[in-house]
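Undergrad: Let me give you the structure first, and then I'll get to my questions.
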Amino acid sequence: MDIVIRRARPEEYPTVGEIAARVYLGDELLDFGESDAYLEKLRDVAGRAAVADVLVAVDGARVLGSVTFVADGSPMADFARAGEAELRMLAVAREARGRGAGEALVRACVERARAVEGCTRVVLSTQGSMHSAHRVYERLGFTRTPDRDWNPLPGLDDIRLLTYELALQHAP
């Protein structure tokens with residue numbers, strides 16, 4: 001079957017949250033493992049969906065992965081500036097990787113951003129160890145913005161998120 005990208009449905013929220021939690025735990029992206037406070041945010045899909053667009057990649061009825069599209073002005077934005085959309089919490093189930101779901105989710109976010117009046121770029125944060133994701137971002141035209149790299153936990157010096165941006169070309 002083909003992968004379809006659409007908004008997550010409320011009945012899918014628990015599955016979407018668990019996929020994101022398993023991905024972040026399994027890929028060792030949470031500095032404090034099971035006790036990491038970010039795990040709760042990953043699982044709180046209803047909270048995310050209330051202030052942003054949670055998109056899913058599905059194959060039939062099976063959720064393969066998700067991403068949160070954060071429009072300008074949303075409280076979900078980590079570091080986006082005025083006129084920017086932010087892509088957050090991209091996660092594809094391990095068993096679904098290699099099928100293009102992650103790239104399709106990122107592409108869907110870019111298309112959403114292009115449809116937002118006044119949106120000039122899409123930004124995102126990523127961990128240095130997420131090499132496969134970096135390749136997807138770069139293949140889609142995102143470029144590194146080291147001057148915007150940041151630390152989500154300022155009290156810990158060893159955490160640094162890398163940032164990327166994609167300047168949008170709007171159709172005339």
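The values are calculated or read from the model by the stated rules, or taken from the named source; none is laboratory data. No experiment lies behind these values; they were computed from the predicted model shown. When we count neighbours, we look across all protein chains shown, and the Cβ atoms used for this are built from the backbone with ideal geometry, even at glycine. The area values use the complete protein model at the heavy-atom level, side chains included, leaving out ligands, DNA and RNA. Shrake-Rupley method; radii C 1.70, N 1.55, O 1.52, S 1.80 Å.
Undergrad: Provide the percentage of antiparallel DSSP beta bridges, counting only those with both residues in the range 25-133; round to the nearest 5.
TA: Among the beta bridges of the range 25-133, antiparallel pairing accounts for roughly 75 percent.
Undergrad: Give me the 1.4 Å probe accessible area per residue for the chain, excluding ligands and nucleic acids, in Å². It would help to have the intermediate numbers written out before the result.
TA: Values: 8970 Å² over 172 residues.
I get 52 Å² per residue for this part.
Undergrad: Mind computing the radius of gyration and Dmax over the alpha-carbon atoms of the chain? Å is fine for both.
TA: When restricted to the Cα atoms of the chain, Rg and Dmax are 15.2, 49 Å.
Undergrad: Relative contact order for the chain: what percent, with Cα pairs under 8 Å and sequence separation of 6 or more?
TA: Answer for the chain is 18 percent.
Undergrad: Could you check how much of the accessible area of the range 24-93 is carbon and sulfur, as a whole percent, using a 1.4 Å probe?
TA: Ligands and nucleic acids excluded, carbon and sulfur give 48 percent.
Undergrad: Same structure again: Please work out how much length the chain gains when fully extended from SER132 to LEU153, using 0.36 nm per residue of separation minus the C-alpha to C-alpha distance, in nm with one decimal.
TA: 5.2 nm
Undergrad: Next up: For the range 102-156, which GluC sites (Glu not before Pro) are both in a DSSP coil and crowded by at most 12 other Cβ atoms within 10 Å?
TA: Here the GluC sites (Glu not before Pro) that fit, given the DSSP loop and packing criteria, are GLU117.
Undergrad: Can you tell which of PRO10, ALA61, PRO75 lies farthest toward the positive end of the dipole of the chain, using +1 and -1 charges on the Cβ of basic and acidic side chains (Lys, Arg; Asp, Glu)?
TA: Result: ALA61.
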